[in-house]
Amino acid sequence: MREPDVTQATLSSDRAPPFSGISRDALVLRLGVAALVGWLLLTIALPLWSLLSKSFQDGDGNFVGLANYVIYFSTPSLFGSIYNSVWVAVVSTVIVIPIAFIYAYTLTRTKIPMKGLLYSAALLPLFAPSLLSAISLIYLFGNQGLLKGFLFGGSIYGPAGIVVADL
């Protein structure tokens, strides 16, 4: 028998070319997902790792372990702020969910005029920056606001004001 020459040896290889079983769309999709994961690692994971690693150091960069966390969690005002945050979240949720349900039910189950306008009005806060509503609330209900009298001696600066701003 004759031995194969170099050309025949390379052509008779049993190895499939790389990516031969993957369609072009699947390859582009995988490369896109890999690029997205890389971008997320670069923009989210690395800064978080930097912050976390710095939390175990003192101001001079010396390793102190969990000492910073012990100091932070022994702060007396921490649990007060957690209580206020949970209180504002619960009160806002209890107020907003029934209002949103009635609004959504009205838009989907009734035949009211200008339904499209009301639907668009519901989406409007998504397009307006949150700072805009905060500034308008301060202008209206702040210490020198136009409608300060409607607060019955209360203040917009506090938990009640945060709940009103969340609505």
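The values are calculated or read from the model by the stated rules, or taken from the named source; none is laboratory data. Since this is a predicted model, take the numbers as computed values, not measurements. In this analysis, Cβ positions are derived from the backbone assuming ideal geometry, glycine residues included, and neighbour counts consider all displayed protein chains.
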Legend entry - Checking E3 against (1) modelled with pLDDT under 65; (2) surrounded by 10 or more Cβ atoms within 10 Å (Cβ to Cβ); (3) not in a helix (DSSP H, G or I), the condition it does not meet: (2)
Inset, instruction - Being in contact (Cβ under 8 Å) with a residue 40 or more places away in the chain and β-branched (V, I, T) is the filter here, so list the residues in the stretch 69-98 that pass it. - result: V88, V91, I95, V96
